[in-house]
């Protein structure tokens, strides 16, 4: 049968009035399994609020050495995720 994809999202941390969280999910592409890993900015929490935020961050997985990656992104109410479709291999 089809493998069930489980999306994991961290608790939201509020920083300077904006909500931030980590989103991770497994990804299968050409018989290879990897971890997709993103930083999400959910904005101010108001559904109709328009906002933007320029941010840079270092993404890493605890316990995995030498797997840090940098992101720079302008988050908006329409574009809330930045990161990597294939952050690390699960093999």
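The values are calculated or read from the model by the stated rules, or taken from the named source; none is laboratory data. Predicted model, so just to flag it, every value in this text is computed and none were measured. Counting neighbours? That spans all protein chains shown, and the Cβs are built from the backbone with ideal geometry, glycine included.
Observations
- Listed conditions (1) within 14 Å of the chain's Cα centre (by Cα); (2) not in a strand (DSSP E or B) are all met by residue 20, apart from (2).
- In segment 62-79, the residues that are free of Cβ contacts under 8 Å to residues at least 12 places away in the same chain form Cβ pairs under 8 Å with partners that are surrounded by 11 or more Cβ atoms within 10 Å (Cβ to Cβ) and in a loop (DSSP other than H, G, I, E, B), at six or more places apart or across chains, as follows: 68/60.
- Checked against (1) under 22 Å from residue 29 (Cα atoms); (2) part of a loop (DSSP other than H, G, I, E, B), residue 78 meets all criteria but (1).
- Complete set of residues in segment 30-55 that are closer than 30 Å to residue 90 by Cα and surrounded by 10 or more Cβ atoms within 10 Å (Cβ to Cβ): 32, 33, 34, 35, 36, 37, 38, 39, 40, 41, 42, 55
- The residue that is modelled with the highest pLDDT, among those in segment 65-75 that are in contact with a strand residue (DSSP E or B) (Cβ under 7 Å, 6 or more places away or on another chain) and part of a loop (DSSP other than H, G, I, E, B), is 68.
- Scanning segment 23-34 for residues that are over 13 Å from the mean Cα position of the chain (by Cα) and in contact (Cβ under 8 Å) with a residue 12 or more places away in the chain turns up 27, 28, 29, 32, 33, 34.
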